[in-house]
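Quick notes on the structure that follows.
The values are calculated or read from the model by the stated rules, or taken from the named source; none is laboratory data. This one's a predicted model, so the numbers in the text were calculated from it and none came from an experiment. Ideal geometry is used to build each Cβ from the backbone, glycine not excepted, and the neighbour counts take in all protein chains shown.
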Amino acid sequence: MKNVTSPTPPRTREGHNHSPACPQHPLDDELARGCLPHRGNGAGKSGYWYRLVLPLLSGALFLIPIVATGGDSIFPTSRTDLNPKDQKRVESVTRATTDFSKPEQFELMAGGGATTKASVNGNIFSHFSANITFEEEQEFKLGNALFTKLWVSSPSSTQASDGLGPLFNARACQSCHLKDGRGHPPEGGADATSMFLRLARPARTDEERAVIADYRKLNFPDAVYGEQLQDLAVPGLQAEGRLQIAYQDLPVTLADGEVVTLRKPSYSVSDLGFGPMEGDVTLSPRVAPPMIGMGLIQAIHEADLLANADPDDTDGDGISGKAALVRDHKSGELKIGRFGFKAQNASIRDQSSSAFVGDIGISTPDDPFDHGDCRKAQSDCLAMPTGVQPRLGPVEAPDPVLPLVTFYSENLAVPARRDIGDAGVLKGKQLFYQAGCASCHKPKFVTRRDAGNKAHAFQLIWPYSDFLLHDMGEGLADGQQVGVANGQEWRTQPLWGIGLTQTVNGHTFFLHDGRARNLTEAVLWHGGEAQTARDAFASLSKEDRASLLTFLESL
Ligand code: HEC
Ligand code: HEC
């Protein structure tokens, strides 16, 4: 055992002394964010973080060379939660199947004991984990109310609901995660609410590169527009700009002669409200993903995620896959990122807190930025009132708002599979394995026994993802670095529930920016490490392609 203490990071990039009332945040630069002295108190977390002690659990060299800890791994290389007997059971049930003549045992229950067997209709993504207690059900309902709550601008007579913005993308979580499902690009009159652009520039100096190498930041925001483009603002303030998409047709001929026309998007911003953006800032479009099964993903053991990682492709199968490494917002601890399209958040709480601040402009105890994503250069924005009510707490969303919304997000149930015994589905499943899809879309895991929430513990789950980052080629690239993810890398999207997209959201737009209009287009956009699998799909007969799609529809 040996301990490594991470150096205390500089408090601000410029080395200023900031107002003691300004919050400190491990992943952000409060001065660049234009933090104003905080009227509330208690939100300042001076010195609360950064005695980062990394437990070096084993001397194995097997793990992620990207962790520069002198060859020592900071994560366990085998399951720390299981006795040898359970370990054997887990290995046996998670082994890839070779029998496609019938469904596998427990395959129906994609989310293990948490799976919902409710009847399939537009609300099928909105049920709670089937195995939570009655008390937890009440908590879920309170969380649901907050997830759908429309925040209003300050000052307002409904003080517990104000604090929106001043810049924002939407007024509620639910506005983007429509029916707890996915958003869509602006389309045929539909607005751009459930989609936005992340803004970031790479490190410019050695000092900034060191900050990234130590995972203290994932990239740097635009000096004026911050971390994302907010296309809405409270009355009296101009919005930051408007997302513009232009599509270009891209015909692709499949092996059997069928032509599929993909649409290649290009993104720009019009009506910039605060002057030009910095020249090296990239735009990364993101559509809100579905919300199901999140707590189960959080309960996958690190060792199981790392077992699939092969960053140097030592097995030579053309598929590498690396774990995202990010810091927990509150503790600063180094963790494996799992959430977001670049796996930039390690926990649902961190992802939810970022959403409050960045998407809605609501401060939380973990991210106490009352002016949301406003920056120093946006003085009009910083001059707007905020929604902090000292009577209610030091931030706009004081406890228990964030814990309740987090609990809700953790417990949206994965629906049971459909038609798993149908000949077409089984045939499609076999083709899915044969084409190499399962190399990244890992069918199954058994969650950790010591999961924080009992409902998520020791469940056999079928997310069809390895939650690792893969180079997906130039076609899907956004050119934006996010921590260890480069501009061509994306986290494998879980596929559970994908066949219910039409039922829940009334559309079939897929991929991180909704460019694919159906499953076939989604697969044909795969490149880079997935090129071989994509080519295998493109060379199938029409009938076999249909079977593979039938399988995806049954997920
Ligand atoms: C403006 C639209 C928008 C709003 C509002 C929004 N989200 Fe999201 N959400 C997204 C997008 C886009 C992503 C993908 C993020 C990324 O990759 O950067 C996401 C991702 C997530 C994820 C991770 C999903 C995954 O598969 O990894 C969670 C959890 C989440 N949001 C929760 C929330 C909560 C809780 C709220 C309300 C506090 C919220 N979101 C509000 C658009 C939104
Ligand atoms: C090298 C890893 C890899 C392989 C192999 C791979 N995928 Fe993917 N898949 C991904 C990643 C990463 C994404 C997310 C890409 C994005 O959003 O831009 C994705 C996204 C998808 C989506 C869209 C999911 C959504 O929610 O929008 C579908 C459908 C899909 N893959 C199916 C397949 C099929 C079918 C195969 C085999 C023919 C396959 N994939 C092979 C990594 C892979």
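Restricting A239, A255 to residues that are in a loop (DSSP other than H, G, I, E, B), within 16 Å of ligand 2 (Cβ to nearest atom) and over 26 Å from P494 (Cα atoms) narrows the list to A255. Here G387 passes the criteria (1) within 16 Å of ligand 1 (Cβ to nearest atom); (2) at pLDDT 95 or above except the one numbered (2).
When each of D315, D367 is tested for being out of contact with any Lys or Arg (no Cβ under 9 Å at 6 or more places or on another chain) and farther than 30 Å from E278 by Cβ, the lone residue that passes is D315. Flag not set for L164, criterion: in contact (Cβ under 8 Å) with a residue 24 or more places away in the chain, within 15 Å of ligand 1 (Cβ to nearest atom), assigned to a helix (DSSP H, G or I) and not basic (K, R). For the condition among the polar types (S, T, N, Q) and either within 16 Å of ligand 1 (Cβ to nearest atom) or part of a loop (DSSP other than H, G, I, E, B) (or both), Q493 qualifies.
For the stretch 429-458, the tally of residues that are within 11 Å of ligand 2 (Cβ to nearest atom), closer than 16 Å to W496 by Cα and either hydrophobic (A, V, I, L, M, F, W, C) or touching a strand residue (DSSP E or B) at 6+ places or on another chain (Cβ under 9 Å) (or both) stands at 4. The set of residues in the stretch 192-220 being away from ligand 1 (no atom under 16 Å from the Cβ), among the basic types (K, R) and outside any loop (DSSP other than H, G, I, E, B) consists of R201, R209.
Select from the stretch 422-461 the residues that are in a loop (DSSP other than H, G, I, E, B) and in contact with a Ser or Thr (Cβ under 7 Å, 6 or more places away or on another chain) and write down the one among them that is nearest to L519 (Cα to Cα). Explain how you work it out, then say what you get.
Start the filter on the stretch 422-461 by keeping residues that are in a loop (DSSP other than H, G, I, E, B), which leaves 422, 435-436, 440-444, 447-453, 457-459.
Filter once more, keeping what is in contact with a Ser or Thr (Cβ under 7 Å, 6 or more places away or on another chain): 436, 440-442, 444, 457-459.
Details: G436: 16, C440: 17, H441: 15, K442: 18, K444: 21, A457: 32, F458: 31, Q459: 28 Å.
This residue is H441.
So is A303 farther than 22 Å from A192 by Cα, touching a residue at least 60 places away in the same chain (Cβ under 8 Å) and touching a Lys or Arg at 6+ places or on another chain (Cβ under 7 Å) or not? So A303 fits the description; yes.
On inspection, A377 qualifies as in contact (Cβ under 8 Å) with a residue 40 or more places away in the chain, more than 16 Å from ligand 2 (Cβ to nearest atom), in a loop (DSSP other than H, G, I, E, B) and closer than 21 Å to L243 by Cβ.
Give the stretch 336-351 a look and list any residue that's assigned to a loop (DSSP other than H, G, I, E, B) and either more than 14 Å from L296 (Cα to Cα) or under 8 Å from the mean Cα position of the chain (by Cα) (or both), or say none. R338, G340, F341, K342, A343, Q344, listed by residue number. Examine the stretch 468-485 for a residue that is over 29 Å from R95 (Cα atoms), touching a Lys or Arg at 6+ places or on another chain (Cβ under 6 Å) and within 14 Å of ligand 1 (Cβ to nearest atom), and state whether such a residue exists. Yes - at least one qualifying residue is present in the stretch 468-485. Could you go through the stretch 199-214 and let me know if any residue there is touching a residue at least 24 places away in the same chain (Cβ under 8 Å), closer than 24 Å to I362 by Cβ, in contact with a Ser or Thr (Cβ under 9 Å, 6 or more places away or on another chain) and surrounded by 16 or more Cβ atoms within 10 Å (Cβ to Cβ). For the stretch 199-214, residues touching a residue at least 24 places away in the same chain (Cβ under 8 Å), closer than 24 Å to I362 by Cβ, in contact with a Ser or Thr (Cβ under 9 Å, 6 or more places away or on another chain) and surrounded by 16 or more Cβ atoms within 10 Å (Cβ to Cβ): present. One residue stands out in the stretch 167-177 among those that are closer than 14 Å to N144 by Cβ and part of a helix (DSSP H, G or I): the one that is nearest to ligand 1 (Cβ to nearest atom), namely C173.
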